[in-house]
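Quick notes on the structure that follows.
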2 protein chains.
Amino acid sequence: MSIKARVLIRPKQGILDPQGIAVEQALPALGFEGVSNVRIGRLIELDVQDVSQLDAMCKKLLANPLIEDYEVIGPDDVGSPGDVAAKGPGT
Amino acid sequence: MSIKARVLIRPKQGILDPQGIAVEQALPALGFEGVSNVRIGRLIELDVQDVSQLDAMCKKLLANPLIEDYEVIGPDDVGSPGDVAAKGPGT
């Protein structure tokens with residue numbers, strides 16, 4: 001049986017995020033003021049049979065632990081988001 | 001005062017997601033079996049003064065409504081994830 005899971009990946013604090021800067025600079029031109037600290041990361045949704053593998057998957061393929069933090073959102077919480085099941089190092 | 005918000009953006013159902021396919025095919029080679037339906041989207045975290053602007057921001061800049069669904073996660077839920085505050089069309 002497969003379980004739906006969700007992984008959130010974001011640039012670590014202090015790591016330059018050019019995409020986020022681009023968005024932050026574009027928003028005022030479109031009439032949206034008062035937006036700051038825009039950070040852009042990745043959202044990965046997948047069906048897994050063994051949720052305990054997710055942490056290893058993040059370390060080995062999904063995230064770059066040198067520059068990114070990741071957060072695994074547990075199966076119960078996908079669809080109706082709830083508590084965080086596991087957190088990557090340094091989040 | 002700024003409020004932390006989070007936007008999840010994912011490819012719409014039926015839209016090809018080459019990144020997701022690449023990840024799905026790479027996982028078995030790394031010893032992770034039983035993973036399917038990998039979809040890769042974007043995670044945007046930002047501080048906003050007016051949360052009601054987020055929906056318009058998604059439509060105008062953050063997401064491409066033709067091929068992407070978006071989901072705004074309310075300020076109360078960022079940090080300690082909880083309910084979904086607002087959902088994009090077709091999610």
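Just so it is clear, none of the values below were taken in a lab; they were calculated from the coordinates. These figures come from a predicted structure and were not determined experimentally. All Cβ positions, even for glycine, are placed from backbone atoms using ideal geometry, and neighbour counts span all protein chains on display.
Each residue of the stretch A:6-18 was assigned a 3J(HN,Hα) from its phi angle through the Karplus expression (A = 6.51, B = -1.76, C = 1.60, θ = phi - 60°), giving 9, 10, 9, 10, 9, x, 4, 3, x, 7, 4, 10, x Hz with x at Gly and Pro.
Here's the picture: a label point sits 7 Å out from the Cα of residue A:56 along the beta-carbon direction, and within the stretch B:17-35 the residues with their amide nitrogen under 18 Å of it are B:24-35. Placing R0 at 30 angstrom, the Cβ-Cβ distance between residue B:36 and residue B:1 gives a FRET efficiency of 0.10 after rounding to 0.05. Out of residues 5 or more away from residue A:15 or on other chains, whose amide H comes under 5 Å of its own, with H placed 1.01 Å from N in the peptide plane? Hits under the 5 Å cutoff: none. Counted by Cβ distance under 15 Å from residue A:60, the other residues give a net charge of -4, where Lys and Arg count +1 and Asp and Glu count -1. Near the amide H of residue B:73, within less than 5 Å, lie the amide hydrogens of B:6, B:7, B:8, all on another chain or at least 5 residues away, with H placed in the peptide plane. The phi torsions of the stretch A:26-41, fed into the Karplus equation with coefficients 6.51, -1.76 and 1.60 and a -60° offset, translate into couplings of 7, 4, x, 5, 9, x, 9, 9, x, 10, 9, 6, 7, 10, 10, x Hz, rounded to whole numbers, with Gly and Pro shown as x.
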